[in-house]
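A short reminder: the numbers here are calculations on the coordinates, not readings from a lab. Remember, predicted model here, so these are calculated numbers, not experimental data. Cβ placement follows ideal geometry from the backbone for every residue including glycine, while neighbour counts extend to all protein chains displayed.
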Amino acid sequence: MSSIEKTIKLVESALKSLDGELSNSPDPKLANVPRVQKEAFKQKLQKIISILALGSLPEKCQRNFGLSRAIADNWHFDSKLGKEIAKAERSFIEVK
């Protein structure tokens with residue numbers, strides 16, 4: 001499996017978890033995270049999928065969408081969803 005395929009799987013998994021957070025099973029640890037931020041994260045993750053599907057990756061310095069930083073600054077420190085999103089973003093930044 002290529003690094004792009006692995007990254008797509010990580011991002012898709014994060015999107016699925018985020019959809020669950022937004023729809024039917026919110027994590028009480030994330031109650032203070034505004035819904036609008038979660039929806040913005042979803043849009044950015046969908047953009048990552050689109051970029052990967054096109055196969056034309058931007059330079060590494062242009063791949064950081066700031067998701068990990070926002071999670072570190074605003075989310076509960078042991079949020080499973082936060083870790084999943086951060087891992088997906090890191091994979092996107094590092095993909096070759």
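Observations on the model:
- Over 22 Å between alpha carbons, listed pairs LYS38/LYS83; LYS38/LYS60; LYS44/LYS80; LYS16/LYS60: LYS38/LYS60; LYS16/LYS60
- 12 Å Cα-Cα reach of LYS47 towards aspartates and glutamates, excluding residues that sit fewer than 8 places from it in its own chain: GLU12, GLU89
- Label-point separation in nm, GLU94 to LEU57, each point 7 Å along Cα→Cβ: 1.2 nm
- Rough spin-label spacing in nm, given labels placed 7 Å along Cα→Cβ, for SER13 and MET1: 0.7 nm
- Projected label distance in nm at PHE77 and ARG35, using a 7 Å step from Cα toward the beta-carbon: 3.0 nm
- Ellipsoid equivalent to the chain - semi-axes via the Cα gyration tensor, in Å: 23, 13, 11
- Straight Cα distances below 12 angstrom link LYS96 to the aspartates and glutamates GLU5, GLU59, with same-chain residues fewer than 8 positions distant left out.
- Between helix 35-54 and the chain: long-axis angle, C-alpha atoms, 0 to 90°, nearest 10: 20 degrees
- Kirkwood-based Rg to Rh ratio, segment 1-41, C-alpha trace: 1.10
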